[in-house]
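Peer 1: The structure that follows is given in the form of structure tokens.
What follows draws every value from the coordinates through simple rules; no lab data is involved. The structure displayed is predicted, hence computed values, not measured ones. Positions of Cβ are generated from backbone atoms using ideal geometry, with glycine treated the same way; all protein chains shown enter the neighbour counts.
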Amino acid sequence: MNAIVGAFLLTFAGLFPIVNPLESAPFFLSLTAGLPAGERRMLARKAAINGFALLLGSMALGPWLLELFGIELPVVRIAGGLVVTALGWKLLNAEEVSEHAYGGGPGRKIGSFYPLTMPLTVGPGSMSVAITIGSRKPAGLPQLSQLAEHAAGALGGLIAVGLSIYLAYRFAENIARLLGATGLEVLVRLSAFILMCIGIEIIWNGYSALHAVAAS
């Protein structure tokens, strides 16, 4: 039981601050502006399911794929940081929060995978963290039962992250109603700036890791 709880906390605590659906909720609302409430709920559900699947795939297959193609994890972080930074820059400089680079608004189709799931909800930064968590294993030579407990805890953490995505997007309109138009505008701009900072931080961490490897 301790192993399950530990894996759950490691997964949820490692991914939730980066996924941060509460910060992404205003973006989701601006992208889906003009859509009926039922369609917005459907997109929230699909984004949560897609995000869960993407994180699960990254955690389960990511370490193996990186090893197969000979790609270092710091390189993934740098590439992911560039994408996150570019997204934050576009959102920060958009003229209207509901009419930014992805073209949200009435009469325009918004994909549940792009951009709602990736890169808005689960970006390369989140995927690199999921890959890192997936590469962690119980200490020593773990038995099959220990591996099963670790996998169960990690799966529970991913489910909790997916549920948080759905709840944040499902009630994004309620959050916006409480904030008002001006408050929502301020929150979107501030979140976009924070998103840029996160992207630059991911790039710096990747570069630092590569520099440390080159110097050793």
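Peer 1: Can you tell me the dipole magnitude for region 2-215 around its Cα centre, using point charges on the Cβ only (Lys, Arg +1; Asp, Glu -1), in Debye to the nearest 20?
Peer 2: 380 debye
Peer 1: Still on this structure, I have one more. Tell me, what is the FRET efficiency for residue 215 and residue 60 to the nearest 0.05, using R0 = 25 angstrom and their Cβ-Cβ distance as r?
Peer 2: Efficiency, rounded to the nearest 0.05: 0.20.
Peer 1: Multiply the residue separation of residue 147 and residue 13 by 0.36 nm, subtract the distance between their alpha-carbon atoms, and state the gained length in nm to one decimal.
Peer 2: Residue separation times 0.36 nm, minus the Cα-Cα distance, leaves 46.3 nm.
Peer 1: Taking the mean number of other Cβ atoms within 10 Å as a proxy for protection, how do you rank 196-205, 33-42 from highest to lowest?
Peer 2: 196-205, 33-42
Peer 1: I've got another one for you. Counting only C-alpha contacts under 8 Å and six or more residues apart, can you give the relative contact order of the chain as a whole percent?
Peer 2: About 45 percent, as a whole number.
Peer 1: May I pose another question? What does the convex hull of the Cα atoms come to per residue for the chain, in Å³?
Peer 2: It comes to 127 Å³ per residue, whole-number rounded.
Peer 1: I'd like to compare 56-69, 163-176: which one has the highest average count of other Cβ atoms within 10 Å, and what's the full order after that?
Peer 2: The packing order, highest mean first, is 163-176, 56-69.
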